[in-house]
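Here is the structure we will look at, set down as structure tokens.
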Amino acid sequence: MKILITGANGMLAKSVKERLKNGNELICTDVSDLDITDKNKVLEFVKNLKPEYIINCAAYTAVDKAEEVYDLADKINGDGPANLALASKSVDATLVHISTDYVFNGDLDVSKSYVEDDAVEPVTVYGKTKLHGEQGVQNNTDKYYIFRTAWLYGDGNNFVRTMLNLAKDHDEVSVVSDQHGSPTYAEDLADIIGQAIEKKIPYGLYHATNQGFTTWYEFTKKIYELSGVTTKVKPVTSEEFVRPAKRPKNSQLDKTKLLSQGITVPSWEDGLKRYLNN
Ligand SMILES: NC(=O)c1ccc[n+]([C@@H]2O[C@H](COP(=O)([O-])OP(=O)(O)OC[C@H]3O[C@@H](n4cnc5c(N)ncnc54)[C@H](OP(=O)(O)O)[C@@H]3O)[C@@H](O)[C@H]2O)c1
């Protein structure tokens, strides 16, 4: 299959390329080859290429910085996916787009997890622009997969790497213990995308993270335990660790819809073990 991957130097894109490299023709573009905010260029590029799938891994992902640059973040996260959806439709391609738990307000009781149809109410610039992107896809093509993910880590700067670096010169680190979610290994999300394409599951919006829920505090303890690190982990509240963009207390995404399509999804502990072994 001919597959266009945008934002191809990003963390998730690296795993997607690896997952799909066998048996497919991959055309990988970064912002210098194809800026997804340039509507005419996107339409022309896709018209000439005629891919069967477009996988959009391009995004503005600096959650805190986004608070100061709404227009830039919205162009990339909001307008970009709409351009790609229009282009997909023009050549009858399927668009795969990645979204986030930040489309929710994160206030749901942590005994529950969000399903795809729950009411969206983003409270950060990043979340608002990513919701705009979902709508841009849904309003411009029917042949799409939107995978909402969360707490992604892989080949790039990420939480696991940060915590391991901190451990090098700290006897103790403080980590928030009241935010709940699923750490998601980019390789596992890439595999979900691969399975969805290969199984041709019904188009639509799916929640896609590793299985199981934890907190950043428990996640850090597991990272250190599996790495043989002796640095202590101190639990703190979100209120003690204020960031420019408010973090959701509940990022738990229900995966029933995805799993009911026969997609297999490993646990977050299993993903972490493989990441650390790599
Ligand atoms: N990381 C997470 O925890 C997380 C959580 C939930 C959802 N997501 C979503 O998952 C997806 C993948 O995230 P990621 O962490 O892999 O992102 P990433 O590493 O930041 O990669 C994004 C890529 O997009 C490129 N890009 C930026 N603007 C572009 C433009 N106008 N045209 C083309 N490319 C552009 C970036 O290039 P430059 O670096 O050159 O700007 C970068 O290579 C995103 O949709 C993100 O919103 C991520």
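The values are calculated or read from the model by the stated rules, or taken from the named source; none is laboratory data. Predicted model, so just to flag it, every value in this text is computed and none were measured. Here Cβ is always computed from backbone atoms with ideal geometry, including for glycine, and neighbour counts include all displayed protein chains.
Would you call Leu4 in contact (Cβ under 8 Å) with a residue 12 or more places away in the chain and over 22 Å from Gly154 (Cα atoms)? So Leu4 fails the test. The condition of being among the basic types (Lys, Arg) and either crowded, with 19+ Cβ neighbours inside 10 Å or without any contact (Cβ under 8 Å) to a residue 24 or more places away in the chain (or both) holds for Lys249.
Scanning the stretch 86-133 for residues that are under 18 Å from Asp38 (Cα atoms) and surrounded by fewer than 23 Cβ atoms within 10 Å (Cβ to Cβ) yields Leu86, Lys89, Ser90, Val91, His132. Considering only residues in the stretch 105-117 that are assigned to a loop (DSSP other than H, G, I, E, B), within 10 Å of Leu253 (Cα to Cα) and not basic (Lys, Arg), the one that is farthest from the ligand (Cβ to nearest atom) turns out to be Val115. Entry remark, the stretch 19-54: residues being within 13 Å of the ligand (Cβ to nearest atom) and touching a residue at least 40 places away in the same chain (Cβ under 8 Å) number 7 in total.
Starting from the stretch 172-195, take each residue that is assigned to a loop (DSSP other than H, G, I, E, B) and list its partners that are among the aliphatic types (A, V, I, L, M), counting only C-beta distances under 7 angstrom and pairs at least six apart or across chains. Cβ pairs passing all conditions: Ser177/Val236; Ser182/Ala150; Ser182/Leu253; Pro183/Leu272.
Looking only at residues in the stretch 57-77 that are assigned to a helix (DSSP H, G or I) and within 11 Å of the ligand (Cβ to nearest atom), the one that is surrounded by the fewest Cβ atoms within 10 Å (Cβ to Cβ) is Leu72.
Residue-wise test of (1) closer than 25 Å to Lys168 by Cβ; (2) modelled with pLDDT of 95 or more; (3) touching a Leu at 6+ places or on another chain (Cβ under 9 Å).
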position	(1), (2), (3)
Ile197	no, yes, yes
Tyr206	no, yes, yes
Val236	yes, yes, no
Asn278	yes, no, no
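Note on the stretch 134-151: among residues that are surrounded by fewer than 17 Cβ atoms within 10 Å (Cβ to Cβ) and under 25 Å from Glu198 (Cβ atoms), the one that is farthest from the ligand (Cβ to nearest atom) is Asp142. Scanning the stretch 81-101 for residues that are within 16 Å of the ligand (Cβ to nearest atom), closer than 14 Å to Ile197 by Cβ and not in a strand (DSSP E or B) returns a single hit, Ser88.
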